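A quick write-up on the structure given underneath.
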Amino acid sequence: MAGERRNGARSTVLVVDDEPRVADRYGEWLARRYDVRTAYEDDAAVELLREDPGAIDAVILSRRRSAVADDRVLVSIRDAGYDCPVALVTDDRPDGDVVDRGFDDYLTEPVSEEALLRSVDSLLEVEGREALRRELSAKRVERNVLELEHSPEELATDEAFAQLEREIERLERRLSIHRDRLEARTEGEQVVGT
């Protein structure tokens, strides 16, 4: 569900903009669905990430075009290995160099509430799908190792192995649901855009 972490708590979005009015507007829009932290300065944003790196699920980074090329917040996020997606909001359409710098999405001002929420929803859904994919991959590896170490007869009577098989099936179903939702959203956006 949009806005929730895997444990059922609301996802947290960090909004960074040196214009408090803009940051607060984005924060108000996002607060309807997410917990929001706001930073009006780069140092404050970096400090929020350092305090508890796992507490931030996504970042909305609003920048004037001239500030994007050497963005300190994005560099800090990526260099420190924080695994949260980052969307860029800018006053000009980014070129290929900007997109290649590590932003996961970008929006061009003026940004509507709907566009901002859709971007964050998408960032978190992709992140959730990737987490499921990694978990499924780990479970499959575990199953493969057990199949190499034990005979089929041994595994047929092993309750822990049966539980592992059920967990793999559950993760495959959840990943399929994520894939179907993403495809439906993509098809819907193509229809709207035509």
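Some observations on this one:
- Of all residues in segment 36-71 being assigned to a loop (DSSP other than H, G, I, E, B), at pLDDT 75 or above and open to solvent by less than 50 Å² (accessible area, probe 1.4 Å), the one that is farthest from Ala131 (Cα to Cα): Ile56
- Whenever a residue of segment 111-126 is touching a residue at least 40 places away in the same chain (Cβ under 8 Å) and under 16 Å from Tyr26 (Cα atoms), its partners that are open to solvent by 30 Å² or more (accessible area, probe 1.4 Å) and in a helix (DSSP H, G or I), lying with C-beta atoms within less than 6 angstrom and at least six residues away or across chains, give the pairs Glu113/Trp29; Leu116/Trp29.
- If only residues of segment 19-50 that are in contact (Cβ under 8 Å) with a residue 40 or more places away in the chain and touching a Gly at 6+ places or on another chain (Cβ under 8 Å) are counted, the one that is farthest from Ile77 (Cα to Cα) is Arg33.
- Glu130 being open to solvent by 30 Å² or more (accessible area, probe 1.4 Å), assigned to a helix (DSSP H, G or I) and modelled with pLDDT of 70 or more: yes
The values are calculated or read from the model by the stated rules, or taken from the named source; none is laboratory data. Since this is a predicted model, take the numbers as computed values, not measurements. Every residue, glycine among them, receives a Cβ derived from its backbone with ideal geometry; neighbour counts consider all protein chains shown. Please note that ligands, DNA and RNA were not included when accessible areas were found on the heavy atoms of the full protein model with its side chains. Shrake-Rupley method; radii C 1.70, N 1.55, O 1.52, S 1.80 Å.
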